[in-house]
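Note sheet for the following structure.
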């Protein structure tokens, strides 16, 4: 599956993928229970089939139900999504993206979060990034 295919999802497809990533796996009924203003059950099933055809999902049959799982790990999906956001909205600049995230912070970062960020920055410097 090409990297760009992961970012080219409809609003409903993205909602469904969000539910499945949050829950690790889900049935059509569970998807319906977790998306806003859900379409009909048959429409959700059709969207799940489309996502399977696109290579985003796979399913296991558990009793009479299909249980859907993502084909890409959550970590890989996070990386793909972040690369897309950075390239689309921040001209490829990681520092601009990080600055924007810090600006969104409504509360002060706690000491542990600041230490973690400092360590990540130090590690990037050591590795010559």
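A short reminder: the numbers here are calculations on the coordinates, not readings from a lab. Predicted, not measured: the structure shown is a model, and the values here were computed from it. Methodologically, a virtual Cβ is constructed for each residue, glycine included, from the backbone with ideal geometry; neighbour enumeration extends over all protein chains shown.
What the table below lists for this structure:
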quantity	calculated
Förster-model FRET efficiency, 25 Å R0, residue 61 and residue 18, C-beta, rounded to 0.05	0.60
Shape of region 3-70, Cα gyration tensor, a/c cut at 1.5	oblate
Mean separation of Cα contacts under 8 Å, 6 or more apart, over the residue count of region 29-128: relative contact order %	10
Identified option (computed Rg and Dmax of the Cα atoms in Å; candidates (1) 18.3, 54; (2) 19.3, 59; (3) 13.5, 39)	(1)
